[in-house]
Amino acid sequence: MLGIENAATILYIEDNADNRLLVRRVLHAEGYNVLEADSADQALEIVLSQAPDLILMDINLPEVDGYTLTSRFKSIPSLSRIPIIALTANVMKGDRERTLEAGCDGYIQKPIDVDNLPHQIDRYLAVQRW
Ligand code: MN
């Protein structure tokens, strides 16, 4: 398909299957390649083998949470430049700061705004190319 080889690859790390389905549909409709992981172990394997252009990181993951996983990825030199956008329903005061402290490059609030999500991702990808 025309242009598909230039599409960015997004890895979505999320344990909730309904959220994965929603985001996959939205991003596929925009022409992105979408990879998915539902656990920290699976995410690390995919990140190392497929080098996504951007990571969408759920914060509330079982076992290893999104803050910890982000810090791990950012501590690996070959991965540290991949932008990581936190996707979280944690909207208490301090949650945004905590995602940034963990090394996230941005923050998108749940519930996911499907109309706005592609624009938000495009913006983070544009920043990365500078
Ligand atoms: Mn979750």
Somewhere in region 30-43, is a residue in contact (Cβ under 8 Å) with a residue 60 or more places away in the chain and either under 20 Å from Asp105 (Cα atoms) or surrounded by fewer than 20 Cβ atoms within 10 Å (Cβ to Cβ) (or both)?
yes
Does at least one position in region 51-73 carry a residue that is surrounded by 14 or more Cβ atoms within 10 Å (Cβ to Cβ), under 11 Å from the mean Cα position of the chain (by Cα), more than 18 Å from Ile108 (Cα to Cα) and not aliphatic (A, V, I, L, M)?
yes
With the structure loaded, tell me whether Glu14 is within 16 Å of the ligand (Cβ to nearest atom) and either over 21 Å from Leu100 (Cα atoms) or in contact (Cβ under 8 Å) with a residue 24 or more places away in the chain (or both) or whether it fails that test.
yes
Restricting to region 89-130, count the residues that are among the small types (Gly, Ala, Ser) and in contact (Cβ under 8 Å) with a residue 12 or more places away in the chain.
4
Mind checking which residues of region 74-86 are of a type in the set (A, V, I, L, M, F, W, C) and over 11 Å from the mean Cα position of the chain (by Cα)?
Ile76, Leu79
Glu5 passes all but one of the listed conditions (1) more than 16 Å from the ligand (Cβ to nearest atom); (2) modelled with pLDDT of 95 or more; (3) of a type in the set (D, E, K, R); the exception is number (2)
Please state which one of Thr88, Thr70 is modelled with pLDDT under 90, closer than 23 Å to Asn33 by Cα and among the hydroxyl-bearing types (Ser, Thr, Tyr).
Thr88
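The values are calculated or read from the model by the stated rules, or taken from the named source; none is laboratory data. Predicted model, so just to flag it, every value in this text is computed and none were measured. Virtual Cβ from ideal backbone geometry, glycine too; neighbours counted across all protein chains shown.
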